[in-house]
Amino acid sequence: MIGVLDLLVFVLGVCALPSVEDTNSQERLLLAAMGLSERPRPAEGPRARRHVPPAFWKMFRKSDHVQAQESDPCTVSEYGVRGNIIRYVQDQGRLVSGPGGACAACVDQHLFFNMSILESVEVLSLARLHLHFLWRSSSPMALLQAPPTISAVLYKVVRATLKGVDPRANRRLLLSQTVQLLSEPVSVTLDVTLLTDCWRRLARNYGLLLELRPFGADPQKPLTPFESSSPAPLVRASLVVVSLNPNQCRSRQRRSAIRPLVSPSNVCKARRLYIDFKDVGWQDWIIAPQGYLANYCHGECPFPLSESLNGTNHAILQTLVHSLDPHGTPQPCCVPIRFSPVSMLYYDNNDNVVLRHYQDMVVDECGCR
């Protein structure tokens, strides 16, 4: 395992001190290079794992095609914003009041999304709230009726509610919409980027309150028999957050590939290196891929330095001096000069699904420098 970690440190460009032999120290260096402050430790067991949204799988699979075209991995084209990290954040709220009493279709639900999962260096690009409604009923009478229409009202909670204070004074209206419930999920989407950014900056997040009522029902009057017998809708909330880590998205000029037709084995070139995440014990939190072809550069930069070795003018002169004084002047180094990005799907510590794009992870081409 230590050997594989040593190779990973080398490929990712992390300088490990020769005296550092502890695997945990090397792992921390690797995680830091990947923009992670610690090793994610999601909940154990398959039932504890969060469902991976189909849209995330689509973006992940599309990334291979995008990378082949050398497009910018730090732009999320699906949302039209800059970013290299896309999170599917779980709702950690609770049911405030459910079906009961005179109103079987009334639901008050507190929604809470933990924004402390974003690193301080990250720049928030987009936050989009998704509310999914589903109507199900086992009642034979309800099945004969047309799917009901509900009124969905969403509030921002601006402060904690004190005893004896009207709770409406602590809310700010965000959304009021009617939704016709169907047997298939019905979704409502709302941009909450400014609100999410406010949660981060002020470090005060009291969440949201979602109120669901039968459409047209007057809260001051008794409910009709249909309203009182209508089943409560099932609600699932999620937050898609796109952010940019500027340290991992620096602008780099890409070089055109110049590949030699014949390359002796001892000459500088890209060599095959496949990283299997099982070898470093990361298979419990990385969803996909199971590994990737990282490659590395190795070989000599001999005199005369041919064009196929992509040498700089300085490297050409250095090889000339090395041929005259091999003991006093070293050869130029064989180093990566062109990379490709890699995308990863993984679980974070809160079991949120994260899709992250990493620049400069695969060595495509080597040169003498």
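For this structure, a couple of remarks:
- Subset of the stretch 267-277 that is over 21 Å from the mean Cα position of the chain (by Cα) and in a loop (DSSP other than H, G, I, E, B) - its residue that is surrounded by the fewest Cβ atoms within 10 Å (Cβ to Cβ): R272
- Tally of residues being free of Cβ contacts under 8 Å to residues at least 40 places away in the same chain and within 30 Å of E119 (Cβ to Cβ) across the stretch 171-202: 7
- Residue satisfying all of: in the stretch 195-209; more than 22 Å from the chain's Cα centre (by Cα) and surrounded by fewer than 14 Cβ atoms within 10 Å (Cβ to Cβ); nearest to L239 (Cα to Cα) among these: R204
- The residue of the stretch 171-194 that is farthest from E211 (Cα to Cα), among those that are open to solvent by 70 Å² or more (accessible area, probe 1.4 Å), of a type in the set (A, V, I, L, M, F, W, C) and modelled with pLDDT of 90 or more, is L194.
- Failed item in (1) of a type outside the set (V, I, T); (2) farther than 30 Å from Q90 by Cα; (3) in contact with a Gly (Cβ under 8 Å, 6 or more places away or on another chain), with G299 passing the rest: (3)
- Set side by side, the residues R168, R136, R159, R200 differ, and just one is among the basic types (K, R), modelled with pLDDT of 90 or more and at negative phi, which is R200.
- With respect to the conditions (1) within 14 Å of E365 (Cβ to Cβ); (2) in contact with a Cys (Cβ under 9 Å, 6 or more places away or on another chain), E307 lacks only one, and its number is (2).
- Consider the stretch 326-369 and keep the residues that are in a strand (DSSP E or B) and open to solvent by 30 Å² or more (accessible area, probe 1.4 Å). The one that is farthest from A43 (Cα to Cα) is V335.
- Residue match in the stretch 290-311 (condition: open to solvent by 30 Å² or more (accessible area, probe 1.4 Å), out of contact with any Leu (no Cβ under 7 Å at 6 or more places or on another chain) and among the hydroxyl-bearing types (S, T, Y)): yes
- Restricting the stretch 74-110 to residues that are open to solvent by 70 Å² or more (accessible area, probe 1.4 Å) and in a strand (DSSP E or B), the residue that is modelled with the highest pLDDT is R82.
- Residues being in a strand (DSSP E or B), in contact (Cβ under 8 Å) with a residue 24 or more places away in the chain and not hydrophobic (A, V, I, L, M, F, W, C) - total across the stretch 282-300: 4
The values are calculated or read from the model by the stated rules, or taken from the named source; none is laboratory data. Because the structure is a prediction, the values reported are computed rather than measured. Note that we place each Cβ from the backbone using ideal geometry, even for glycine, and neighbour counts take in every protein chain shown. Please note that ligands, DNA and RNA were not included when accessible areas were found on the heavy atoms of the full protein model with its side chains. Shrake-Rupley method; radii C 1.70, N 1.55, O 1.52, S 1.80 Å.
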